[in-house]
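*Asks:* Dropping a structure here in structure tokens format, bear with me for questions.
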Amino acid sequence: MYRLFFKRFLDFTLSLIAIILLSPIYIIVTILVKTKLGSPVIFTQERPGKDEVIFKMYKFRSMTSETDAEGNLLPDDMRLTKFGKLLRSTSLDELPELFNILKGDMSIIGPRPLLVRYLSRYNEEQRHRQDVRPGLTGYAQAHGRNAVSWEDKFAMDVWYTKNITFLGDVKIIWDTVMTVVKRDGISSDTSSTMEEFMGTPAGMVSTWRAPQ
């Protein structure tokens, strides 16, 4: 009952309330992004949603648009400014995704929406992360964020899709708040954000174990 009906009702209601209550923060962040990083203030990118349906995800811009001599964007760690790092560490860059939740593209809790090009790189089990709406936060974000391997992250995502409960979602929200406050797992060991997922090599398995 919760998964089929109540979860979407909560997503719509809570995202609408949050947008209204956080409107002053939206205004402040918009001004700061415009001043420090320029236009556009909102970064949009196509992401795969439930059942691999593509939608446009909204985020506050956190990087510059600097390019090399050939016009190619510089690597993320070169375009991510101190202000951009602050937006990411506090998750303020994610606030526009509340509008995606309001529209029904996303949920408050679910696997994070990743790049479209990753779809062809998932193995059969990993692809099940697309069985539900992607989330503003999820089990993996509350338990390691970018500091865990792709294989462990996807194992958490798939486990969540099969174990959705109201109390479980409440706990994920609480754990996410604690992760943001502590600023844990913002970066991986090898990247300022998270290195690109190139596919799981044959024979490699996740070391993560589901909670009992």
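*Asks:* Taking a spot 7 Å from the Cα of S23 along the direction of its beta carbon, which residues of the stretch 75-108 have an amide N less than 18 Å from it?
*Replies:* 95-100, 102-103
*Asks:* Turning to a different aspect of this structure: Averaging sequence separations of C-alpha pairs under 8 Å and six or more residues apart, then dividing by the length of the stretch 1-136, give the relative contact order as a whole percent.
*Replies:* On the way: 182 pairs, mean separation 38.2, N = 136.
This gives 28 percent for the stretch 1-136.
*Asks:* Enumerate the amide H contacts of L136 below 5 Å, restricted to partners 5 or more residues apart or on another chain; note that Pro and chain-start residues carry no placed amide H.
*Replies:* For L136, whose amide H was placed from the backbone, the distant partners under 5 Å are S107, I108, I109, G110.
*Asks:* For the stretch 120-168, what does the accessible surface come to per residue with a 1.4 Å probe? Please give it in Å².
*Replies:* 42
*Asks:* Quick one: check the C-alpha center-to-center distance for the stretch 104-160 versus the stretch 26-87, whole angstrom.
*Replies:* The distance from the Cα centre of the stretch 104-160 to that of the stretch 26-87 comes to 21 Å.
*Asks:* Which length gain, in nm to one decimal place, applies between M1 and R209 when the Cα-Cα distance is subtracted from 0.36 nm times their residue separation?
*Replies:* Once the chain is fully extended between M1 and R209, it gains 72.2 nm.
*Asks:* Would you calculate a helix-derived [θ] at 222 nm for the chain, using -39,500 (n - 2.57) for each DSSP H run of n ≥ 4 and dividing by the full residue count, to the nearest 500?
*Replies:* -11500 deg cm²/dmol
*Asks:* Could I ask something else about it? Which value in nm describes the separation of the simple spin-label points at D131 and L10, placed 7 Å from the Cα toward the beta carbon?
*Replies:* Taking the two extended label points, one gets 1.9 nm.
*Asks:* Now for a separate question. Quote the accessible area belonging to W174 in square angstrom, nearest 10, computed with a 1.4 Å probe and with ligands, DNA and RNA left uncounted.
*Replies:* Probe radius 1.4 Å; accessible area of W174 about 150 Å².
*Asks:* Rounding to the nearest 20 debye, state how big the charge dipole of the chain is about its Cα centre with +1 on each Lys and Arg Cβ and -1 on each Asp and Glu Cβ.
*Replies:* With only Lys, Arg, Asp and Glu charged at Cβ, the dipole is about 640 debye.
*Asks:* Picking from M194, M63, M78, which is most flexible by a Gaussian network model of the chain using Cα springs under 10 Å?
*Replies:* M78
*Asks:* Just reorder Y139, Y58 by solvent-accessible area, largest first, 1.4 Å probe, all chains present.
*Replies:* Y58, Y139
*Asks:* How much of F99 can a 1.4 Å solvent probe reach, expressed as accessible area in Å² and rounded to 10?
*Replies:* About 90 Å², rounded to the nearest 10.
*Asks:* Sticking with this structure for a sec: Compute the length gained on full extension between I42 and A69: take 0.36 nm times their separation in residues and subtract their Cα-Cα distance, giving the result in nm to one decimal.
*Replies:* Extra length from I42 to A69 when fully extended: 7.2 nm.
*Asks:* A follow-up question, please. Count the lysine pairs in the chain that are 8 or more places apart or on different chains: how many have C-alpha atoms under 17 angstrom apart?
*Replies:* 19
*Asks:* Largest first, how would E52, E125, E70, E94 line up by accessible area (1.4 Å probe)?
*Replies:* Values: E52 65, E125 95, E70 155, E94 35 Å².
The most accessible residue leads, giving E70, E125, E52, E94.
The values are calculated or read from the model by the stated rules, or taken from the named source; none is laboratory data. If you're wondering where the values come from, they're calculated on a predicted model, not measured in any experiment. We place every Cβ from the backbone using ideal geometry, glycine too, and count neighbours over all the protein chains shown. Note: accessible area is taken over every heavy atom of the protein model, side chains too, but ligands, DNA and RNA are not part of it. Shrake-Rupley method; radii C 1.70, N 1.55, O 1.52, S 1.80 Å.
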